[in-house]
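The next block holds one structure in the form of structure tokens; read it before the comments.
The values are calculated or read from the model by the stated rules, or taken from the named source; none is laboratory data. These numbers were taken from a predicted model, which means no experiment stands behind them. Every residue, glycine among them, receives a Cβ derived from its backbone with ideal geometry; neighbour counts consider all protein chains shown.
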Amino acid sequence: MNVKILENSCGIARRRFKGCRPLCGLILGSGWEEALAEFEVKESMPYSALPAMGLTTVAGHRGLLHRAEMAGVEALVFQGRRHWYEGAGWDPVALPLYILKRLGAGAVILTNSAGGIRPGLERGVFMVISDHINAMGANPLQGKHDDFWGKRFPDQTNVYDPELRSALVRSARRIKIKAAEGVYLAVPGPVYETPAEVRACRTLGADAVGMSTVPEAVLACAAGMRVLGISLISNRAAGLGAAKLDHDEVRQAGREAARGMRLLVRAACRILAGEVEK
């Protein structure tokens, strides 16, 4: 990673959002743009204004950074994700976590849409990530070590904060949102998995599969932040359902699940603010 360009970009965001002290950050993945409606947006800036971030290249990822508030919580909301498969390196993937840590945020909520593997993880169900499998063939911490991201060999036993995820599952139950915990497996993309690959994922212990989230989780955990990950199951993974896999369908699944994702994000922010029983 290019520390100079990350620091420069962070400085631009800091000057744009003067006095911003976010409690947490939220990265909106594929299908999750509807969750932004739950926030009161105070200020916004395009990713293109941040040299390390650049333009998004995936449909449904607007590429806007918002200073926002919800449930009494100040947050930075990243409307759209940069992915490893876009070919721009790790800087765009790492920048949201870099900014959040520099501005004092102690937690990040990572969202994505994923293909369900485990029985019961059907379209419209939410999966609170309990653990992950990195099958991307790469890791954002490879290369020269930077103390900003903590120790050289960070412990990954509890990447996804056990207290936060248990509290979110309980909150989901109270507000009658279908949610379960599960293991997320990340592949590099940008192609959907073959049925044989999905069978291999299942053998490895994966409950759902996608193309993101793990790099940000690795970085945030290494940097000492609390991590909460939520997948919207947008379809059954390849070979497990009749429908042809298509990104437009992923976005449609997000629109159908808009109410649930908004309620879950609100519940997560309330948990972080200490307003609900953990």
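Please specify each residue of segment 205-258 satisfying the condition of being of a type in the set (Lys, Arg) and modelled with pLDDT of 95 or more. Give the steps one after another, and end with the answer.
Of all residues in segment 205-258, those of a type in the set (Lys, Arg) come to 226, 236, 244, 251, 255.
The answer is Arg226, and nothing else.
Out of (1) among the small types (Gly, Ala, Ser); (2) touching a helix residue (DSSP H, G or I) at 6+ places or on another chain (Cβ under 6 Å); (3) farther than 14 Å from Ala172 by Cβ, what's the single condition that is false for Ala243?
(2)
Where the second residue is acidic (Asp, Glu) and surrounded by fewer than 22 Cβ atoms within 10 Å (Cβ to Cβ) and the first is over 22 Å from Ala49 (Cα atoms) and at pLDDT below 85 and lies in segment 60-74, which pairs have Cβ atoms under 7 Å and are six or more apart or on separate chains?
Ala71/Glu275
Suppose we keep only residues that are of a type in the set (Phe, Trp, Tyr) and more than 22 Å from Arg266 (Cβ to Cβ) within segment 124-154. Which one would you say is surrounded by the most Cβ atoms within 10 Å (Cβ to Cβ)?
Out of the qualifying residues, it is Trp149.
I'm trying to understand the selection: among the residues of segment 159-184, which are more than 13 Å from Arg270 (Cα to Cα) and touching a Lys or Arg at 6+ places or on another chain (Cβ under 7 Å)?
Selection gives Asp161, Glu163, Glu181, Gly182.
Looking at segment 39-54, I want the residues that are without any contact (Cβ under 8 Å) to a residue 40 or more places away in the chain and have a partner that is in a helix (DSSP H, G or I) and surrounded by 15 or more Cβ atoms within 10 Å (Cβ to Cβ) with Cβ atoms under 6 Å, at least 6 apart or on another chain. Which pairs are those?
Taking only residues 6 or more apart or on different chains, the pairs are Met45/Arg16; Gly54/Pro92.
Inside segment 253-278, can you point out the residues that are on the phi < 0 side of the Ramachandran plot and free of Cβ contacts under 8 Å to residues at least 24 places away in the same chain?
Residue satisfying the conditions is Arg259 alone.
Condition first: farther than 19 Å from Gly31 by Cβ, surrounded by fewer than 24 Cβ atoms within 10 Å (Cβ to Cβ) and of a type in the set (A, V, I, L, M, F, W, C). Now tell me which residues in segment 71-88 satisfy that.
The answer is Ala71, Val73, Leu76, Ala88.
Which residues, taken from segment 25-38, are surrounded by fewer than 24 Cβ atoms within 10 Å (Cβ to Cβ) and either among the aliphatic types (A, V, I, L, M) or at pLDDT 95 or above (or both)?
Scanning segment 25-38 gives Leu36, Ala37.
Taking the condition of being acidic (Asp, Glu) and either in contact with a Lys or Arg (Cβ under 8 Å, 6 or more places away or on another chain) or under 22 Å from Leu110 (Cβ atoms) (or both), how many residues in segment 200-248 meet it?
2
Can you tell me which residue is surrounded by the fewest Cβ atoms within 10 Å (Cβ to Cβ) among those in segment 54-70 that are within 16 Å of the chain's Cα centre (by Cα) and of a type outside the set (Gly, Ala, Ser)?
Taking segment 54-70 as the starting set, the residues that turn out to be within 16 Å of the chain's Cα centre (by Cα) are 56, 58, 60-66.
Then drop every residue that is not of a type outside the set (Gly, Ala, Ser), which leaves 56, 58, 61-62, 64-66.
Working: Thr56: 21, Val58: 19, His61: 22, Arg62: 16, Leu64: 19, Leu65: 26, His66: 22.
Result: Arg62.
So, in segment 251-274, exactly how many residues are buried (at least 24 other Cβ atoms within 10 Å of the Cβ) and either of a type in the set (Asp, Glu) or not in a helix (DSSP H, G or I) (or both)?
1
If you take just the strands (runs of 3 or more DSSP E) that sit entirely in segment 6-97, which of them hold at least 2 residues that are of a type in the set (Asp, Glu)? Spell out the reasoning first.
Working: elements: 24-28, 40-46, 64-70, 73-79.
Per the criteria, 40-46.
Within the set of pairs 6 or more residues apart or between chains, which connect a residue that is touching a residue at least 60 places away in the same chain (Cβ under 8 Å) and buried (at least 24 other Cβ atoms within 10 Å of the Cβ) inside segment 94-123 to a residue that is hydroxyl-bearing (Ser, Thr, Tyr) and not in a helix (DSSP H, G or I) with Cβ atoms less than 6 Å apart?
Short answer, once both residue conditions are applied: Leu110/Thr213; Asn112/Ser212; Asn112/Thr213; Asn112/Ser231; Ser113/Ser30; Ser113/Ser234; Ala114/Ser231.
Any residue at all in segment 10-29 that is farther than 20 Å from Trp149 by Cα, in contact (Cβ under 8 Å) with a residue 12 or more places away in the chain and under 15 Å from the mean Cα position of the chain (by Cα)?
Scanning segment 10-29, I find at least one residue that is farther than 20 Å from Trp149 by Cα, in contact (Cβ under 8 Å) with a residue 12 or more places away in the chain and under 15 Å from the mean Cα position of the chain (by Cα), so the answer is yes.
Can you find, within segment 147-160, the residue that is nearest to Ser234 (Cα to Cα) among those that are part of a loop (DSSP other than H, G, I, E, B) and touching a helix residue (DSSP H, G or I) at 6+ places or on another chain (Cβ under 6 Å)? Step through it out loud before you land on a result.
Taking segment 147-160 and keeping what is part of a loop (DSSP other than H, G, I, E, B), we get 150-160.
Restricting the remaining residues to those that are touching a helix residue (DSSP H, G or I) at 6+ places or on another chain (Cβ under 6 Å) gives 150, 154, 159.
On the way: Gly150: 34, Pro154: 32, Val159: 24 Å.
Per the stated criteria, the residue is Val159.
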